[in-house]
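I have placed the structure first, in the form of structure tokens, so that the comments after it can refer back to it.
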Amino acid sequence: NAIDASDPDARVTLAIAELGDAVAIDVIDRGCGMSPAFIREKLFRPFVSSKPGGFGIGAFEARKLTEEMGGRLDVSSAEGRGSRFRVTLRAARADTNALGNAA
């Protein structure tokens, strides 16, 4: 969706940050952006799309899957400036004993 919302030569940025016991994954575009009303009323509703030929399931499914993994999907957007979608998930901690025993 970020690529579809952006000009062909525009950059889409992926950023990952550790937030205490969670990890945030941001997808940031400089596309057309969305109005607060669209975000509130339509963005996460299935089968509602502003794209020609769109099915309206991408954002709905992304949020549903994120929530099923115990996370959250947040969006901030400004019309004419772009959008940021942030997936926040609880970070898994590696079992260092298991890693040492695997060798």
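The values are calculated or read from the model by the stated rules, or taken from the named source; none is laboratory data. What you see is a predicted model, and the numbers here were worked out from it, not measured in a lab. For neighbour counting, all protein chains shown are included, and Cβ atoms are generated from backbone atoms with ideal geometry for every residue, glycine included.
With (1) within 30 Å of A91 (Cα to Cα); (2) surrounded by fewer than 12 Cβ atoms within 10 Å (Cβ to Cβ); (3) more than 11 Å from the chain's Cα centre (by Cα); (4) not acidic (D, E) as the list, and K64 as the residue in question, which single condition is left unmet?
(2)
When you check R86 against the structure, is it in a helix (DSSP H, G or I) and within 11 Å of the chain's Cα centre (by Cα), yes or no?
Against the criterion (in a helix (DSSP H, G or I) and within 11 Å of the chain's Cα centre (by Cα)), R86 does not qualify.
So how many residues does the stretch 1-30 have that are assigned to a strand (DSSP E or B) and under 11 Å from G82 (Cα atoms)?
Of the residues in that region, 3 qualify.
Say we look at the stretch 37-60 and pick out the residues that are under 12 Å from D4 (Cβ atoms) and at pLDDT below 75; which of these is surrounded by the most Cβ atoms within 10 Å (Cβ to Cβ)?
Per the criteria, the residue is S49.
Any residue that is farther than 25 Å from D4 by Cα, of a type in the set (V, I, T) and modelled with pLDDT under 95 - is there at least one of those in the stretch 87-98?
Yes, the stretch 87-98 has at least one match.
Hey, among G82, G56, which residue is on the phi > 0 side of the Ramachandran plot and free of Cβ contacts under 8 Å to residues at least 60 places away in the same chain?
Of G82, G56, the one residue that is on the phi > 0 side of the Ramachandran plot and free of Cβ contacts under 8 Å to residues at least 60 places away in the same chain is G56.
Quick check on my filter: what residues within the stretch 6-18 are closer than 22 Å to T88 by Cα and surrounded by 11 or more Cβ atoms within 10 Å (Cβ to Cβ)?
V12, T13, A15, A17 - these are the residues of the stretch 6-18 that are closer than 22 Å to T88 by Cα and surrounded by 11 or more Cβ atoms within 10 Å (Cβ to Cβ).
Considering every residue within the stretch 62-70, establish whether at least one is at pLDDT 95 or above, of a type in the set (D, E) and part of a strand (DSSP E or B).
Taking every residue of the stretch 62-70 in turn, none turns out to be at pLDDT 95 or above, of a type in the set (D, E) and part of a strand (DSSP E or B).
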